[in-house]
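What follows is a short report on a single structure.
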Amino acid sequence: MSSVAVLTQESFNEHRSGLLPEQVKSAVAGPSGAEDEDSLPTYKDAFPPLPEKPLPEGVQETGNAWTTKIKPLKSSVITQVFHVPLEERKYKDMNQFGEGDQAKVCLDIMHKTGAHLELSMAKDQGLSIMVSGKHDAVMKARKEIVSRLQTQASATVAIPKEHHRFVIGKSGEKLQELELKTATKIQIPRPEDPSNLIKISGTKEGLEKAKHEILLISAEQDKRAVERMNIEKVYHPFITGAYNKLVGEWMQETGARINVPPPSVNKTEIVITGEKEQVALAMAKIKKIYEEKKKNATTIAVEVKKSQHKYVIGPKGNTLQEILDRTGVSVEIPPLDSSSETVILRGEPDRLGQALTEVYAKANSYTVSSVSAPSWLHRFIIGKKGQNLAKITQQMPKVHIEFTEGEDKITLEGPTKDVQIVQGQIEAVVTDLVSRMDYTEISVDPKFHRHLIGKGGANINRIKEQHKVSVRIPPDNEKSNLIRIEGDPQGVQEAKKELLELASRMENERTKDMIIEQRFHRAIIGQKGEKIKEIRDKFPEVIINFPDPTQKSDIVQLRGPRTEVEKCTKFMQKMVAEMVENSFSVSVPIFKQFHKNIIGKGGANIKKIREETNTKIDLPAENSNSEMIVITGKKANCEAAKNRILAIQKELANITEVEVSIPSKLHNSLIGSKGRFVRSIMEECGGVHIHFPTEGSGIDAVTIRGPAEEVEKAKKQLLSLAEEKQIKGHTVELRAKPEYHKFLIGKGGGNIRKVRDSTGARIIFPTADDKDQELITVIGTEEAVAEAQKELEALIKSLDNVVEDVMIVDPKHHRFFVARRGQVLRDIADEYGGVIVSFPRTGSQSDKVTLKGAKDCLEAAKKRMLEMIEDLDAQVIMECVIPQKFHRSIMGPKGSRIQQITKDHNVQIKFPDRDDQQGKYHKRIIVARRHINIMRERESLRSRPDFLCSRTKPDACAQIHAAL
């Protein structure tokens, strides 16, 4: 039978000299005739026994503390406390407790689970988390805490493959319950996987629990012998041995599997599995140790401060294992959530003295001290970014220094000698700071704080620099009106005076925030600020502040005398209401070739639509690639104008509209960044219009409108792209100089089409509107993208290889290339990767032309120039005699007809001057270009009277006459 003796720390000195075994027994049990024997309660008095059997009828039950019947109450809300040791914390380096990622994670856990979390920091920097809520919510929160606030470890446990299904349970219920219970993640191999290893990830404590539970499940299903032994928890350390050495040796010796619950699991059952003989042998060994320890072991209860328990336990319980290994004595520490300071030592009487010495040595190896320092000086002691404190901690890394906000002390914890040195250093720093620094606090309404700070901190920074002080204005979320000023005593008083004057001035003002959509800000300000100047002149005492356009804010601030601010507010509200009513806008995509029909002759059509619908209609510029017509006005009017414009287009062309069903979740990826992907399809398919539904609407229908053939082509491409994105879409980005893009694309898209056809990947080049002009995007399957990337990178690399070459060009053709300020040469440079072509100076008879650029681009440019020269050599001149009265008609309005003919047939046409008095050439029109183009030109002018052929090559002249 074990006995208990109470030993205080004061009487510990008697034991340090060592006791004989007889003396130990005497000291533990106590002499029968001791004077104070009667004053101590007996074991039965202190711990009344629990009733083991129901009493027989007729026997009256004796009342005691344990047998009083209390009706059990069950609460729907439970509270559990979890402790995260410092070494297992994920977020250790924080400037201030309760800030940063850790706080965000806790808020997220509370939001997801519905449980309430309260965090507290222990002196050892461990984290205690109290979780309150319904049982399910607390268990879910626990799992989240373990996975997100503790560092994760992993372990594997091997059980027979046929037992895996019992761990999973019906519909995975058992596995989910196990994960929730142990706060771990358990991965079980798939049925087709031959492995029998189950992987567990989580905290060290959770791993032990999960492993224990899995082995129990396996043991229950094991066809071999399974035995369970109920052995009191206090004797488990003697069975496992220090660092589990003893139980490991037994398992190796017997071949049986012995599963002892870890210290964190409050279970007494030890499970042994294996062959019957093996199990029996293992049970005998366990029973022998248990009975031996139960018979011989005694206990000593000592009082150790709660704050020192962690030093007795040691990192991850290593100190307890050391004591058990060296002395054979088990040290039992009360749980963290218990207020008890009693530590129990259990073991052989002759070894208890040595173990007790070690326990007190470990408990007293560290000390806790404090330094008095006003809380406002703490940040000066710490220094900027902890520089001052770092100098101390680098010299004494084992000392932990803790600053508690609002308390006028600094707590030090660590080895006794080190703590004394650090204490002296910090006290010296505090004395110095107190002698030369002062502080004061002023009360200012929080609504004025941002005005005291000023725009970009201008006001407060000026005060700080001028008076050499530190000013702390509380953040908005604190809702505090106390402003703290610290620094040189004189500077503190001057800064206080200035801040109070500023605050007093602001109290007589009224500030009002108006919510005005940012899109109206420019309209209210007006061109060069004309409109806002009128408002400010009307209300001169009101200061109107608009937000920076980059902030995307709708708040316009008005500040000034109360009555004037109210009047200005009403005036601006009325102005905004009028703008809102007339600012509805809709964009209508209309094919570029029909814009002139929408405008009508002399703008008649567009003018009529504007007047009848009372809307503003904006068309893109002629040189713009945009096809969008923007209609602005009241909503109903905008819709009417839109329908009329679409009706005109429908009459003019064979426009088809189809709807394609594509899952809404793919829409954003199909549109691409700033519409790059969908724009490339629209451009490739003759400018069809593709309209996606509003984001978040959940609608799958995508509308394609345009010529029937192009619509079908766009539909196929869109569906193909959607399929790639859905199955195994892959995207990669390349970079190339913008001047190389046209060459990479090739004439009519020939080069890039070859890459696309050979790889199956889609290649998208930036448009003029894109911010990044070097970015090339490749999308498709992973294999296709990789292949296309390889080809493009090879092309781009070759373009970076700059070479120089010379070609011979007859001087008579030089003018053609350099005319119109070198337009032909600029076109060649644009099309062939920026190749530079240099012709000899005017007047020089040299025929050598220099080309410089990427090798492939240079060769292509050279080939193109040779084609042009061949074209020039084959040029002929034809004269068409047409009466002068028809010249104006042929030219058309502003020369539009003749420009279109020259463009379509690639010819040059020269009309005679009007002031030709002799009239010799008044009917003659000279047409110059290659022979085949002249024949086409002839067809264009065929309907004109008096069309004659003169002065050209005989064979060409004969062909023209034949055509006539």
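The values are calculated or read from the model by the stated rules, or taken from the named source; none is laboratory data. These numbers come from a predicted model, not from an experiment. Don't worry about glycine lacking a Cβ; one is built from the backbone with ideal geometry, like all the others, and counts go over all protein chains shown. Note: accessible area is taken over every heavy atom of the protein model, side chains too, but ligands, DNA and RNA are not part of it. Shrake-Rupley method; radii C 1.70, N 1.55, O 1.52, S 1.80 Å.
Values as computed for the structure displayed
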| item | result |
| --- | --- |
| Per-region count, the stretch 206-247, residues at positive phi and part of a helix (DSSP H, G or I) | 2 |
| Hey, Thr656 more than 40 Å from the chain's Cα centre (by Cα) and among the β-branched types (Val, Ile, Thr) or not | yes |
| In the stretch 240-253, residue most open to solvent (accessible area, probe 1.4 Å) [restricted to those that are in contact (Cβ under 8 Å) with a residue 24 or more places away in the chain and touching a strand residue (DSSP E or B) at 6+ places or on another chain (Cβ under 7 Å)] | Met251 |
| Selection count where residues are at positive phi and of a type in the set (Ser, Thr, Tyr), scope the stretch 132-157 | 0 |
| Filtered residues of the stretch 98-121 (kept if in a loop (DSSP other than H, G, I, E, B) and either assigned by the TED database to the domain that holds Ser338 or without any contact (Cβ under 8 Å) to a residue 24 or more places away in the chain (or both)) | Gly98, Glu99, Gly100, Gly114 |
| Criterion: under 16 Å from Leu412 (Cβ atoms) and exposed (fewer than 15 other Cβ atoms within 10 Å of the Cβ) - qualifying residue of Lys306, Lys316, Lys391 | Lys391 |
| When residues of the stretch 745-761 are limited to those that are open to solvent by less than 30 Å² (accessible area, probe 1.4 Å) and at pLDDT 75 or above, the one nearest to the chain's Cα centre (by Cα) | Ala761 |
| Matching entry among Val329, Val279 (being more than 22 Å from Lys211 (Cβ to Cβ) and crowded, with 19+ Cβ neighbours inside 10 Å) | Val329 |
| Residue in the stretch 396-407 that is over 25 Å from Gly126 (Cβ atoms), touching a residue at least 12 places away in the same chain (Cβ under 8 Å) and open to solvent by 60 Å² or more (accessible area, probe 1.4 Å) present | no |
| Residues satisfying the stated conditions in the stretch 458-494, i.e. in a helix (DSSP H, G or I) and within 22 Å of Gly383 (Cβ to Cβ) | Ile460, Asn461, Lys464, Glu465, His467, Pro489, Gly491, Val492 |
| Boolean, Ala390 is assigned to a helix (DSSP H, G or I) and farther than 18 Å from His309 by Cα | yes |
| Residue in the stretch 796-805 that is open to solvent by 20 Å² or more (accessible area, probe 1.4 Å), of a type in the set (Lys, Arg) and at pLDDT 80 or above present | no |
| Scope the stretch 130-154; condition modelled with pLDDT of 85 or more, crowded, with 17+ Cβ neighbours inside 10 Å and part of a strand (DSSP E or B); matching residues | Val131, Gly133 |
| Only listed residue being farther than 21 Å from Ile764 by Cβ and either in contact with a Ser or Thr (Cβ under 8 Å, 6 or more places away or on another chain) or buried (at least 16 other Cβ atoms within 10 Å of the Cβ) (or both), chosen from Val688, Val678, Val630 | Val630 |
| Unmet criterion (only one of (1) open to solvent by 60 Å² or more (accessible area, probe 1.4 Å); (2) modelled with pLDDT of 90 or more; (3) not in a helix (DSSP H, G or I)) for Lys287 | (3) |
| Scope the stretch 437-460; condition within 13 Å of Ile485 (Cα to Cα), loosely packed, with under 14 Cβ neighbours inside 10 Å and not hydroxyl-bearing (Ser, Thr, Tyr); matching residues | Glu441 |
| Index of the failed condition, Ile485 passing every other in (1) free of Cβ contacts under 8 Å to residues at least 60 places away in the same chain; (2) over 30 Å from Ser375 (Cβ atoms); (3) touching a Lys or Arg at 6+ places or on another chain (Cβ under 7 Å) | (2) |
| Single residue of Val359, Val368 found to be among the aliphatic types (A, V, I, L, M) and surrounded by fewer than 18 Cβ atoms within 10 Å (Cβ to Cβ) | Val368 |
